[in-house]
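Laboratory data are not the source of any read-out in this text; all were calculated from the coordinates shown. Owing to the predicted nature of the structure, the values given are computational and were not obtained by experimental measurement. A quick note on method: Cβ atoms are made from the backbone with ideal geometry, for glycine too, and the neighbour counts reach across all protein chains shown.
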Amino acid sequence: MAENACHDLREFIEASKQIGDWKEIKGADWNLEIGALIETTAELIPQPPMLLFDEIKNYPRGFRVAALLFASYKRVALALGLPHEKSKLELVRLASRKIRSSQPIPPLEVKTGPVMENVLKGKDVDLLRFPALRSHENDGGRYIGTGDTVINRDPDSGFINMGTYRMQLHDRDLLGLWMSPGQHGRLICMRHWEKGQSCPIVATFGPDPLSFLAANAKIPWGQSEFDYVGGLRGRPLEIIKGPITGLPIPASAEVAIEGEVPPPSVESRDEGPFGEWPGYYSGGTVGTGEAQPVIKVKALYYRNDPILQDEAPLWPGAPRTDLSLRAGLLWDQLESAGIQDVTGVYSFTNYIYVVAIKQRYAGHAKQAGMAAVAASASARHGRYVVVVDDDIDPTNLKEVLWAMMTRVDPATNIDIVDGCWSTPLDPRMPPDKRAARDHTNSRAVFYAVRPFEWRDKFPKVSRVSRELREKVIRDFQNIIPFPKG
Ligand SMILES: Cc1cc2nc3c(=O)[nH]c(=O)nc-3n(C[C@H](O)[C@H](O)[C@H](O)COP(=O)(O)O)c2cc1C
Ligand SMILES: [Mn+2]
């Protein structure tokens with residue numbers, strides 16, 4: 001993650017073409033067809049190719065959509081500036097070390113940049129120029145904001161946040177914004193609204209890859225994702241001071257807007273339905289019954305031949321993120337909380353966080369599990385935390401399930417913690433709880449570890465040893481088509 005992290009989305013796409021599979025698809029339809037292709041590819045192909053759509057139906061050539069950018073961990077490694085030939089677990093470890101060792105670097109203001117190649121202001125703003133997708137059959141509209149960042153400034157402390165929140169394309173100069181309770185971008189908007197003011201806002205579509213990954217990791221409140229990304233890259237993000245809002249506009253984003261979010265009491269709109277990452281339609285007006293905030297767009301900036309980044313949620317069986325900054329962030333936060341001998345961390349969507357430890361004392365596993373329930377990286381809308389021993393690779397779901405099957409005594413090794421931070425998009429949230437705005441849920445913590453007190457008496461593992469496995473793969477590769485690692 002040092003000097004070599006990609007500068008912008010197009011540089012990242014070119015570099016990704018060198019290290020993995022990719023496909024260009026011409027003539028596909030923004031209305032459902034592209035969404036269906038993306039989800040089906042992610043479900044059926046392990047380490048799926050990056051998909052690049054051009055000549056999208058009814059849109060001019062060059063107005064492109066890029067998808068599945070982070071569905072292969074090798075591409076995530078590239079985005080993080082890490083060596084892509086490492087294992088997934090090793091990459092999470094390297095990410096957490098980098099997070100630990102980097103110092104925030106504030107952005108660098110420049111006069112202009114590629115995002116200013118096309119400038120449309122006021123009445124000329126027209127977001128319908130872009131082939132925003134309608135991804136799922138019952139989506140209430142088209143979404144331009146999925147692979148996006150939303151940027152606003154806390155009026156009290158001055159800290160500038162960058163988060164990924166979905167944006168519906170309501171009209172040529174009007175966007176819907178869905179921010180879950182507790183999100184930093186929403187807390188900042190509320191501080192403006194409480195003063196009776198609209199919240200100035202910048203958003204990007206097709207940000208640089210590291211900004212995107214940081215914008216959807218829960219970096220603690222008050223730490224600017226701009227400075228964080230600068231620190232991880234080892235050089236500042238280049239920004240242009242927005243002429244309308246004064247907010248930073250990332251200079252090499254594909255598309256950016258400036259605008260404002262009026263208090264919802266002044267202006268709001270129905271939002272959604274939208275197929276969300278748990279695999280159900282949720283959030284927005286669905287379930288809450290409440291109209292949602294809008295962004296009134298005052299200026300539109302975009303590069304020539306702009307690339308929208310699609311990150312519309314997929315059914316969880318079609319993983320769109322093979323490795324996230326979140327796992328590295330959680331590892332760092334656990335160590336910062338004093339949890340010792342963490343040997344691995346991984347997350348399978350927001351719902352399952354796995355922490356591997358080398359147990360050193362009775363109570364160590366519980367300490368690690370409780371910390372993972374509370375840490376900012378994993379605290380919002382989780383479901384399960386699984387603590388495993390260090391012989392389990394937390395990135396390997398088969399190994400994690402095996403530990404849960406064989407090392408957990410359900411009566412004594414599962415803790416239930418109720419009342420944790422959740423979101424109205426949780427499909428399992430009872431309607432009355434949602435109506436009462438009690439956006440909390442319970443967590444189960446599985447201690448899938450050998451009981452510390454008698455760990456030496458635990459039966460020996462009978463699985464083929466790694467050495468023997470590697471030997472038979474080598475010796476029989478010409479007969480049996482073992483996948484190349
Ligand atoms: C593709 C994608 C889309 C997301 N969409 C939303 C959204 O619509 N609303 C929301 O509240 N969080 C959404 N999230 C989660 C937030 O980006 C994440 O919680 C992040 O930490 C929020 O920024 P903040 O920590 O500065 O509040 C999304 C995440 C991803 C990866
Ligand atoms: Mn934040």
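Computed over the stretch 285-370, the P(r) tail beyond 21 angstrom holds 58 percent of alpha carbon pairs.
Compared with the direct C-alpha span, the chain from residue 241 to residue 223 gains 4.5 nm at full extension, assuming 0.36 nm per residue. Computed extension gain for residue 138 through residue 119, at 0.36 nm per residue and net of the alpha carbon distance, reaches 3.5 nm.
Between 0 and 90 degrees, the angle of helix 184-194 with respect to the longest Cα principal axis of the chain falls at about 40 degrees.
With a Förster radius of 41 Å applied to the C-beta separation of residue 57 and residue 110, the computed FRET efficiency comes to 0.65. The label-point distance for residue 26 and residue 473, in a model that sets each label 7 Å from Cα toward Cβ, rounds to 3.9 nm. Rg and Dmax over the alpha-carbon atoms of the stretch 129-216 stand at 13.6, 42 Å. The simple Förster model, with R0 at 30 Å and r as the Cβ-Cβ distance, assigns residue 265 and residue 440 a FRET efficiency of 0.70. Taking the square roots of five times each eigenvalue of the Cα gyration tensor of the stretch 325-468, the equivalent ellipsoid has semi-axes of 28, 16, 14 Å, listed largest first. Measuring between their Cα centroids, the stretch 271-323 and the stretch 465-479 lie 45 Å from each other. With the convex hull drawn over the C-alpha atoms of the stretch 214-285, the volume per residue is 163 Å³. For the peptides 186-199, 246-259, 220-233, the ranking by packing is 246-259, 220-233, 186-199, with the highest mean count of neighbouring Cβ atoms within 10 Å listed first. The charge dipole of the chain, taken about the Cα centre with unit charges on the Cβ atoms of Lys, Arg (+1) and Asp, Glu (-1), comes to about 880 debye, rounded to the nearest 20. Taking 0.36 nm per residue of separation and subtracting the Cα-Cα distance, full extension of the segment from residue 454 to residue 361 would add 32.3 nm. Placing dummy labels 7 Å off each Cα toward the beta-carbon, the span from residue 90 to residue 420 is 3.1 nm. Left without a cysteine partner by the 4.7 Å Cβ rule in the chain: 6, 420.
Restricting the calculation to alpha carbons of the chain gives Rg and Dmax of 22.7, 75 angstrom.
Of all aspartates and glutamates in the structure, the ones whose alpha carbon falls short of 16 Å from that of residue 98, not counting any fewer than 8 places away in one chain, are 3, 90, 225, 227, 332, 335. Pairs exceeding a 26 Å alpha-carbon distance, out of 26/111; 88/471; 17/484; 23/74; 57/484; 26/121: 26/111; 57/484; 26/121.
Compute the label zone of residue 157 within the stretch 200-220: residues whose backbone N is under 13 Å from the point 7 Å along Cα-to-Cβ. Label zone hits: 219-220.
Note on residue 194 and residue 480: the model spin-label points, each 7 Å out from Cα along the C-beta direction, lie 6.3 nm apart. Beta bridges from DSSP with both residues in the chain: antiparallel share about 70 percent, rounded to the nearest 5.
Over the stretch 389-468, the pair-distance histogram of Cα-Cα distances with 5 Å bins from zero comes to 3, 12, 17, 16, 14, 13, 9, 7, 5, 3, 1, 0 percent, rounded to whole numbers. Estimated from helical segments only, the mean residue ellipticity of the chain at 222 nm is -7500 deg cm²/dmol, where each DSSP H run of four or more residues counts as -39500 (n - 2.57). Here, P(r) means the percent of Cα pairs in each 5 Å bin from 0 to the largest distance; for the stretch 238-337 it is 2, 10, 11, 12, 15, 19, 19, 9, 2, 0.
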